[in-house]
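Below is one structure, written out as structure tokens; the observations come after it.
Coordinate-derived values only; no laboratory data. Computed from a predicted model, the values in this text were never measured in an experiment. Quick reminder, even Gly has a Cβ in these numbers, built from the backbone with ideal geometry, and neighbours come from all protein chains shown.
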Amino acid sequence: MKDANAGFAANSAAGHAMPAPRIDRSRRAIAGIDRAKRYARHAIEDANAAVVDRARDLRKAAKRAQYAAEDLRDETRQQIRRRPLASVGWAFLSGAAVVTTVVLVARIGKSGTHTRDRSRDPRGSHAEFDGDEFQTADARRR
């Protein structure tokens with residue numbers, strides 16, 4: 001290490017600069033770093049602009065949804081005032097439809113028909129394969 005520094009010091013004292021290949025590599029490396037910095041700066045600026053645009057779009061959409069909900073509320077109030085019996089009838093029918101749907105879904109889930117694997121044995125899911133044939137739970141108890 002001393003020899004390398006001594007040689008560099010001697011070259012510098014004699015008016016010689018760093019060897020040309022080292023200078024070229026250093027300049028290329030610095031230029032590459034500068035390009036990478038510019039690229040990163042532009043990428044960050046583009047990303048920030050995209051985020052700002054999306055945030056603005058979301059705020060506008062939220063405002064439009066709020067206005068639509070307020071318009072629907074006002075329209076519903078007007079319809080109820082104009083036709084109170086029809087409004088009560090529609091509310092009753094809507095409630096009945098929801099209750100019927102919930103009851104049907106609960107019955108289907110309770111029966112468990114959608115979970116049984118009928119492809120393995122036509123006699124039910126409690127059969128076991130014993131050699132040549134399937135045996136049901138009743139046949140195993142005998």
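Contact annotation: no residue pair with Cβ atoms under 9 Å, 6 or more positions apart or on different chains, pairs a residue in segment 38-50 that is without any contact (Cβ under 8 Å) to a residue 12 or more places away in the chain with a partner that is surrounded by 10 or more Cβ atoms within 10 Å (Cβ to Cβ).
Hey, any hits in segment 35-53 for a residue that's more than 33 Å from the chain's Cα centre (by Cα), among the β-branched types (Val, Ile, Thr) and surrounded by 10 or more Cβ atoms within 10 Å (Cβ to Cβ)? The answer is no, given that none of the residues of segment 35-53 is more than 33 Å from the chain's Cα centre (by Cα), among the β-branched types (Val, Ile, Thr) and surrounded by 10 or more Cβ atoms within 10 Å (Cβ to Cβ).
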